[in-house]
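Chemist: If you scroll down you'll find the structure; I have some questions about it.
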Amino acid sequence: MWFRRDLRLDDNPAWSAATTECAQVVALFVLDVRLLDDAGPFRRRQLLANVAALDEELRERTGTGLTLRQGNPTEVVAEVVAEATAGMVYLNADVSGFATRRDRAVTASLPDGVGVRSLHGTLVHPPGTVLTKNGALSKVFTPFWRAWAATPLDPWSAPGSAEVVSLASTGSLATDGEPPMAPGTAAALTRLEAFVAHADRYGDERDFPAVAGTSMLSADLKYGTLSPRTALEVVGESTPGRAAWCRQLAWRDWYAHLLVAHPSLEREPMSERYRDVVWADDPGGFEAWKQGRTGYPLVDAGMRELAATGWMHNRVRMVVASFLVKDLLIDWRLGEAHFRRLLVDGDTSQNVGNWQWSAGTGPDAAPYHRIMNPVLQSRKFDTDGTYIKHWVPELGGLPSAAVHAPWDLPPLELAAAGVTLGESYPWPIVDHFEARQRFMTAFRIE
Ligand SMILES: Cc1cc2nc3c(=O)[nH]c(=O)nc-3n(C[C@H](O)[C@H](O)[C@H](O)COP(=O)(O)OP(=O)(O)OC[C@H]3O[C@@H](n4cnc5c(N)ncnc54)[C@H](O)[C@@H]3O)c2cc1C
């Protein structure tokens with residue numbers, strides 16, 4: 001069994017199949033330096049800590065731990081297959097271009113007679129199985145969601161009783177710092193339980209970054225320390241808040257299904273119309289955005305939270321993404337790469353899907369409606385400025401109502417709050433209304 005982003009023993013179809021169909025099984029994890037180098041500090045620490053937690057859980061349950069190998073899976077998996085004289089490699093499929101190419105190469109590297117049994121344990125429904133009445137994957141979310149909700153779940157069986165065999169390990173799970181979140185399945189289930197206690201209020205609380213109103217389970221779903229089906233079953237749909245949360249899992253499936261059906265989405269807009277958009281060449285603006293020094297407090301708070309913790313609230317992700325693309329007219333692919341590197345839940349299909357949605361270049365696109373006004377968003381979703389003042393402490397002395405647009409305050413009042421624009425905090429780097437016009441021209445929106 002080759003574990004990748006399915007780091008759990010329960011509700012894991014590939015692990016169940018391996019331990020049911022075989023007498024002995026090697027539980028392999030490959031430390032692939034290409035992935036680790038790309039991951040950024042938060043994701044790398046979280047991944048390695050999750051692998052260590054899986055190893056511990058496996059030892060507790062079976063007395064034997066993971067076989068850890070460092071290297072390129074194209075060589076490592078074939079080596080382990082030979083050492084173990086294995087007849088089959090079990091895995092849960094992944095959807096990104098990198099993963100698809102890697103798995104194809106690994107399959108080709110195996111000797112004749114050794115098969116790969118690829119299951120789907122990372123999504124609620126496997127790609128290709130959620131089809132609307134015309135037999136196609138919908139490019140619009142709501143029809144996809146209806147079909148998704150009506151699609152029956154394939155049963156996933158419980159783990160079997162195969163003996164776990166361990167081979168010599170290479171590589172180390174040591175990291176350069178603590179993971180952002182407590183690792184492993186037990187911690188994921190604790191987070192799930194904590195969320196269930198306020199899941200009924202999800203619809204009312206989910207949009208406010210200063211409120212702990214969401215589940216914080218995206219990194220668990222990304223690494224598979226939690227199965228999306230377990231989450232769906234535990235939360236259930238008994239109240240509107242819970243049903244709204246389950247619908248978010250449909251978004252997650254949708255973006256993964258879309259990437260399988262349209263692999264070019266990773267790099268290209270879905271709509272032909274936006275292929276020739278001329279993006280601004282603005283390294284200074286990009287740097288200000290990354291550092292949280294745009295002069296728009298909500299944008300800056302989000303970007304600083306990301307840099308410091310590897311996390312950002314969904315509402316703020318939408319605001320900063322809209323700001324990069326629409327206010328700065330910077331190519332969404334640059335923002336996508338920055339997010340993917342820093343986010344602890346950074347995941348190609350989810351990140352690309354959401355960036356294309358924010359840019360208005362992807363499926364279900366409506367670019368005009370998603371030009372978010374960063375000041376109005378701030379007033380609406382961080383009304384008393386709690387989130388902003390936490391991440392942009394130099395604005396901490398401002399009255400709450402003024403924190404969203406400090407440039408509107410008279411200089412004397414700013415000075416009384418210890419703020420000097422252009423010194424302690426930047427002036428806005430663009431005028432939102434001019435930028436909006438520039439974006440609409442670039443995107444040829446009438
Ligand atoms: C520009 C941008 C980039 C993003 N990049 C990522 C990413 O790399 N990885 C990632 O997992 N999510 C990404 N998201 C989606 C979303 O922001 C996070 O999934 C969510 O904030 C995680 O917090 P939570 O677990 O508390 O979510 P909850 O609100 O509790 O939602 C429950 C689960 O539903 C799923 N979900 C929620 N919102 C979305 C969404 N918009 N799209 C798809 N699935 C969703 C997630 O798996 C989440 O854990 C991105 C959103 C934007 C706007």
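We did not get these values from a lab; they are worked out from the coordinates using the rules stated. Since the model is a prediction, treat every value here as computed from it, not as a measurement. Virtual Cβ from ideal backbone geometry, glycine too; neighbours counted across all protein chains shown.
Chemist: Using helices alone, what [θ] at 222 nm do you get for the chain, with -39,500 (n - 2.57) per DSSP H run of 4 or more residues, divided over all residues and rounded to the nearest 500?
Modeler: -14000 deg cm²/dmol
Chemist: May I ask for the angle, rounded to the nearest 10°, between helix 432-442 and the longest principal axis of the chain, with both axes built from Cα atoms and the value confined to 0 to 90°?
Modeler: 60 degrees
Chemist: Suppose the chain between residue 268 and residue 204 were pulled fully straight at 0.36 nm per residue; how much longer would it get relative to their current alpha carbon spacing? Spell out each step's value before the answer.
Modeler: Numbers: separation 64, 0.36 × 64 = 23.04 nm, distance 3.50 nm.
Value of the extension gain: 19.5 nm.
Chemist: Can I ask one more? Only four residue types carry charge here, +1 at the Cβ of Lys and Arg and -1 at the Cβ of Asp and Glu. Report the dipole size of segment 273-442 about the Cα centre in Debye, rounded to the nearest 20. Mind dumping the intermediate values first?
Modeler: Details: 17 positive and 20 negative charges, 90 e Å.
With Lys and Arg at +1 and Asp and Glu at -1, about 440 debye.
Chemist: Report the GluC sites (Glu not before Pro) located in segment 379-428 that are in a DSSP loop and have at most 13 other Cβ atoms inside 10 Å of their Cβ, or state none.
Modeler: Details: sites: 394, 413, 423; in loops: 423.
Within segment 379-428, the qualifying GluC sites (Glu not before Pro) (loop, at most 13 other Cβ atoms within 10 Å) are 423.
Chemist: Which of rounded, prolate, oblate describes segment 133-254, given a ≥ b ≥ c as roots of the alpha-carbon gyration tensor eigenvalues and a/c under 1.5 marking rounded, otherwise prolate only if a/b is larger than b/c?
Modeler: Details: a/c = 2.00, a/b = 1.32, b/c = 1.51.
Oblate, because a/c is 1.5 or more while a/b does not exceed b/c.
Chemist: So if I average 1/r over every pair of distinct C-alpha atoms in segment 309-409 and take the inverse, what Kirkwood radius in Å does that give? Mind dumping the intermediate values first?
Modeler: Numbers: mean 1/r = 0.0688 Å⁻¹.
Roughly 14.5 Å, rounded to one decimal.
Chemist: Looking at segment 335-425, which chymotrypsin sites (Phe, Trp or Tyr not before Pro) are DSSP coil and have at most 14 other C-beta atoms within 10 Å of their C-beta? Before the final figure, lay out each step's value.
Modeler: Values: sites: 339, 355, 357, 368, 381, 387, 391, 407; in loops: none.
Loop-located and lightly packed - none at all.
Chemist: Taking 0.36 nm per residue of separation and subtracting the Cα-Cα distance, what length does fully extending residue 243 through residue 150 add?
Modeler: Working: separation 93, 0.36 × 93 = 33.48 nm, distance 1.40 nm.
Extra length available between residue 243 and residue 150 comes to 32.1 nm.
Chemist: What's the extension gain from residue 440 to residue 408 if we count 0.36 nm per residue and subtract their Cα-Cα distance?
Modeler: 8.9 nm
Chemist: Let me ask something else about it. Taking the Cα centre as origin and putting +1 on Lys and Arg beta-carbons and -1 on Asp and Glu beta-carbons, what dipole magnitude results for segment 1-83, to the nearest 20 debye? Walk me through the intermediate numbers first.
Modeler: Values: 10 positive and 14 negative charges, 57 e Å.
The calculation lands at about 280 debye.
Chemist: Order these peptides, 95-107, 66-78, by their mean beta-carbon neighbour count within 10 angstrom, highest first.
Modeler: Values: 95-107: 16.8, 66-78: 19.6.
Highest mean packing first, the order is 66-78, 95-107.
Chemist: Using the Kirkwood formula on the Cα atoms of segment 2-121, what hydrodynamic radius do you get, in angstrom to one decimal?
Modeler: On the way: mean 1/r = 0.0677 Å⁻¹.
After inverting the pairwise mean of 1/r, the radius is 14.8 Å.
Chemist: While we're here: What is the spin-label model distance, in nm, from residue 33 to residue 174 if the labels are put 7 Å beyond Cα along the C-beta direction?
Modeler: The answer from the label model is 1.6 nm.
Chemist: What whole-number distance in Å separates the alpha-carbon centres of segment 116-136 and segment 151-223?
Modeler: 22 Å
Chemist: Something else about it: Please report the base-10 log of the normalised intensity I(q)/I(0) for segment 189-240, using a Debye sum with one equal scatterer per alpha carbon and no solvent, at each q in 0.15, 0.16, 0.27 (1/Å).
Modeler: Computed log10 I(q)/I(0) values: -0.40, -0.45, -1.14.
Chemist: Fewest Cβ neighbours within 10 Å first, please rank 114, 130 accordingly. Before the final figure, lay out the partial values.
Modeler: Numbers: 114 17, 130 24.
Going from least to most buried by this count: 114, 130.
Chemist: Compute the acute angle (0 to 90°) between the alpha-carbon long axis of helix 141-150 and the principal axis of greatest extent of the alpha-carbon atoms of the chain; round to the nearest 10°.
Modeler: 30 degrees
Chemist: Ok, one more. Can you pull the Rg over Rh of segment 273-442, Cα-only, Kirkwood? Can you show the working numbers first?
Modeler: Working: Rg = 15.7 Å, Rh = 16.2 Å.
Result for segment 273-442 is an Rg/Rh of 0.97.
Chemist: Same structure, new question: Of all the Cα-Cα pairs you can form in the chain, what percent are over 42 Å apart? Provide the component values of the computation, followed by the final result.
Modeler: Numbers: 18946 of 99235 pairs.
Counting every Cα pair in the chain, those more than 42 Å apart make up 19 percent.
Chemist: What angle, in degrees between 0 and 90 and rounded to the nearest 10, separates the Cα long axis of helix 73-84 from the longest principal axis of the Cα atoms of the chain?
Modeler: It is inclined by approximately 30 degrees.
Chemist: What is the total of Lys pairs in the chain with C-alpha atoms under 27 Å apart, excluding same-chain pairs fewer than 8 positions apart?
Modeler: Final tally of qualifying lysine pairs is 9.
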